[in-house]
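Derivation of every value follows stated rules applied to the coordinates shown; laboratory data play no part. Because the structure is a prediction, the values reported are computed rather than measured. Neighbour counts run over all protein chains shown; Cβ positions are idealised from the backbone, glycine included.
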Amino acid sequence: MKKIISSLYILLSVSLYSQQNTYEPPINIPLELSANFGELRPNHFHTGIDIKTQKVINKPVFSIEDGYISRISISPSGYGLALYINHPSTGQTSLYGHLNKFTPELNKYVKDKQYEKETYKIEIYPEINEFPVKKGDLVAYSGNTGSSGGPHVHFEIRDTKTDHALDPLSYYGDRIPDKKAPEIRGISIYPIAGKGSVNNSNNVYRQVLAIQKDGKYCPLAKPITAWGTIGFGINAVDKMDNTYNTYGVKSVRLYCDEELISSFNINEVDFDQSKIINSMTDFDYWHKNKKFYMKSFIEPGNTLPIYDSTSSKGYLDINEAKTYKLRYELIDNNGNKTLYNFSIIGKKQEIPLQDGCAQAMIWNHNNYYITDDFTLTIPANTLYDNICFLLQKRKSNNFSSQIYSVNNQIYIPLNGTATLKVKMTKDSLENKKQYGIVSIDNKKIRWIGGEYSDGYITAQIKELGADYAVSYDTKAPSITPIQPQKWKQKSEIIIKVTDNLSGIKSCRGTLNGEYALFENDIKSANYIYKLDSERLEKGKKYQLEFTAEDACGNSSSYEYEFTY
């Protein structure tokens, strides 16, 4: 009876939203999605829908309702060029991201603000009466700016008061045909460390699931025995009609012997909690394999408000010699459902002891690991669950410290940051700002940075599992002009900027000493200044000076003279 009521509730919610929906579409072409709301992403949920724009940019984008432009954001990364419109009549805000440009009036307004602040990256909050809009008004043109993998419009609906993201398909789902149910790709069974055993082991059991010729999912490859406390996880995607894209699954439920033991439904996302997705998913497996397994158990530090489960928090206690019948139910926004049945055999077995560890760490306590050459500090409530901390170190000739394997390649997410302090074995640079901690992950070196003090470097890290060491960056960024002889002909100046390690911190261009607005997108190393007839005089000579600085303070500059 519970499952029938739950299914009806989802369908009723969608129906009510559709009936109440008076919003216009943000774009006047058929709504086809490349991503849906709640889709799993590294460190966050996807908080909107990505609307395809037929593989091109500059499709007109319209306001979905009466309101006013409340925020304009320009960034090389993230949403790129983005527009926020408040709709007082509904108490909601619509967001349009990865745009290519705004309307001419808005473009001029934004550009004037950028010159006033002398920055490309900017957040602007116009007054309520500055830019009123009506439903259906043209406000921008679609693009591919920021952290975008192709032309599309990232579209969100938020509660204006809380700034929580809401599922736009609750308002537009009836415009997108979808009769395809979610697809299960794999299942995992977790013996909880020190409390449970699966097949006489403390290793995670995992199996890829495929659909057989009869249309049913294949059964588990072998009988699974278990004892004690265990948890489950599932790798799954959603599908929609007329597209090969895959999407996030909206609702997942797990039953044992017809009793609901775990359930989540993603209708709303609080940006302040979005990072907790790393506890909801199997973070270590994602880090190593780039596939998301969604856990059906709730770790103690996981405070996501998406769950509706019993007091067991999704954990299953196997304490009887019997067959436990389990069923996964996956439901999408249109009520399409997928079922998978499997069994666990309760069989008493020794629960393996946890491997030896350097130190036990408790999720809601302040945790410290302190030695003369290495210190790790993890504040209370930064871990999602108790862990058995592990540390190894080895000497290195390539770095200015030993290499520390923090948790020995077992990746643990943090809800916040931990403080890492490492003693240097080499300290010969006069400029101490050129030192910093780096992470070494599968031979890929990534700059973390940090502060120098008395032979130690202290930095903040966002996860456990990588190797860390102290390195240095003494090389200034490289500045390369791209075909300067064609700048006037193409009406734009293009300069390529790269850095060897610590990354570009800032770039600045001037013409005859006056600020020049260079644009940049994270997908490119190019900085572009569009020759501006409103700010330049025909026939006048201009001295271009372009400077770039990296995170260690190393800087370089380039000069060029031309006649406009």
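Some observations on this one:
- Additional length obtainable on full extension of the chain from N341 to K195, 0.36 nm per residue less Cα span: 50.1 nm
- Cβ-based charge dipole, the stretch 2-175, positive-most Cα from T93, F45, V110: F45
- Cα gyration tensor shape of the stretch 183-346, rounded if a/c is under 1.5, else prolate or oblate by comparing a/b with b/c: oblate
- Over the chain, Cα pairs under 8 Å with separation of 6+ residues give a relative contact order of 11 percent.
- Span per principal axis, largest first, for the Cα atoms of the stretch 513-564 (Å): 39, 22, 14
- Counted charge near K111, where neighbours are those whose Cβ lies closer than 13 Å (Asp, Glu -1; Lys, Arg +1): -1
- Mean residue ellipticity (222 nm) of the chain, computed from DSSP H runs ≥ 4 via -39,500 (n - 2.57), nearest 500: -2500 deg cm²/dmol
- Cross-link table K395/K426; K275/K295; K443/K496; K121/K505; K216/K322, entries beyond 21 Å C-alpha to C-alpha: K443/K496; K216/K322
- Against the chain, whose longest principal axis is taken from its Cα atoms, helix 2-20 shows a tilt of about 30°.
- 35 Å tail of the calculated P(r), the chain, as % of Cα pairs: 50 percent
- A straight chain from K216 to T419 at 0.36 nm per residue would run longer than the Cα-Cα distance by 68.2 nm.
- The value obtained for the stretch 22-79, namely the Cα convex hull volume divided by the number of residues, is 138 Å³ per residue.
- Orphan Cys of the chain, criterion: no other Cys C-beta under 4.7 Å: C218, C256, C507, C552
- Per-peptide average of other Cβ atoms within 10 Å, ordering 204-211, 437-444 highest first: 437-444, 204-211
- FRET efficiency for the pair K426 and I522, taken as 1/(1 + (r/R0)^6) with r the Cβ-Cβ distance and R0 = 35 Å, rounds to 0.55.
- On Cα atoms only, tilt of 104-117 relative to the major axis of the chain in degrees: 80 degrees
- Computed label-point distance, nm, for sites N364 and E123 using a 7 Å Cα→Cβ extension: 3.2 nm
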